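The values are calculated or read from the model by the stated rules, or taken from the named source; none is laboratory data. Note that the structure is a prediction, hence the values are computed from the model and not measured. In this analysis, Cβ positions are derived from the backbone assuming ideal geometry, glycine residues included, and neighbour counts consider all displayed protein chains. To get the accessible areas, we keep the full protein, side chains included, count just its heavy atoms, and leave off ligands, DNA and RNA. Shrake-Rupley method; radii C 1.70, N 1.55, O 1.52, S 1.80 Å.
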Amino acid sequence: MWPRSLFASTCLVGHHDAVRPLWITIRLALALATAGCGSASGPSIAADSASTSPSGTPTAEAASATASPSLAAASAPAPARASASTGRWKPRVGQTWQWQLSGRLDLTVPAEVYDVDLFTTTAAQVAALHKAGRKVICYLNAGAQEDFRADSGRYPKSVLGKELDGWPGEHWVDVRRWDLLSPILTDRMKMCRDKGFDGVEPDNLEAYANDSGFSLTAADQLAFNRRVADLAHRHGLAVGLKNDVDQAEQLQPSFDFAVNEECAQYAECARLSVFITAGKPVFHVEYDLSPAQFCPATKKLRFASMRKHLDLDAWRSVCP
């Protein structure tokens, strides 16, 4: 794990997946905005941190809520199923993709879909990708609070659980408290929409399978994930299921695509085929395996697979 002080001067964007502690993350410090990371001309675009978090202060509800998690979950409105919005982007099986969450945003990568950070990517950069014929997905953390995000203070202490294993400064949130989390996530979805993104990749949708500090059930996680998907759809965004392979079959109807890390490494890829059968793509990466080790299998499954560096910079090696 690199020290936080390093990232105040390297213009790198944060990413992680807490399910497997061997995975490495690049963390974005609050001082990024003063690190000289301006946008660049030419084929590469620098991630610009001038855009801040969604506007607004903690709601009175967030500041004063004392209801128990079980009561809040019971009183929260039931999530609606995703509607077949004609205006929403519908990702296709067979589309190529690029996932870049660190370094300078490279527009020369011949990929049809880009997945980039919500906070550090500007509307101008999204527009440039659109001009180049790309669709663009925003990455955001839905299931955990990151203390380096400008809106981190909006999370009430009552919803913060244990730190994610291996990631200091990041805490699981109580996914049962939709009443307190929805205003924050709504503003993030608005930011994603207003910057012109086509879809969203909400991270950390597996709190129930981790030591979160809360007694979460699979049913709690299903309810939260469906609410996140519905929220994205109501903002006109396609939404991807990030990992959570164990619940893929149940959640597929609510999501438009899947984003997966290392399903070949852990022999889980076949369980994501429910997305392909439904005409929805699976965007997949491996970090340790070589393409020769996973491409033959994932090609048969019709996944969009590639190998990436652990820091998710611009480099990639796609399956032939």
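Here are some notes:
- Excluding ligands, DNA and RNA, the accessible surface per residue across region 265-320 is 48 Å² with a 1.4 Å probe.
- Here the gap between Leu310 and Asp211, fully extended at 0.36 nm per residue and compared with their Cα-Cα distance, gives a gain of 33.3 nm.
- Once backbone amide H atoms are built at 1.01 Å from N, Val136 has Tyr114, Asp198, Gly199 as its partners under 5 Å, excluding neighbours fewer than 5 places away on the same chain.
- Over 27 Å [Cα-Cα, region 172-311], rounded percent: 24
- Shape analysis of region 111-178 yields a ratio of the Cα radius of gyration to the Kirkwood radius, Rg/Rh, of 1.11.
- Under a model in which nothing but the beta-carbon of Lys, Arg (+1) and Asp, Glu (-1) is charged, region 187-320 shows a dipole of about 580 debye around its Cα centre.
- Cross-link table Lys135/Lys162; Lys195/Lys308; Lys190/Lys280; Lys131/Lys242, entries beyond 32 Å C-alpha to C-alpha: Lys135/Lys162
- Distant-in-sequence amide contacts of Asp106, defined by a placed amide H-H separation under 5 Å and a gap of 5 or more residues or a different chain, comprise Ile45.
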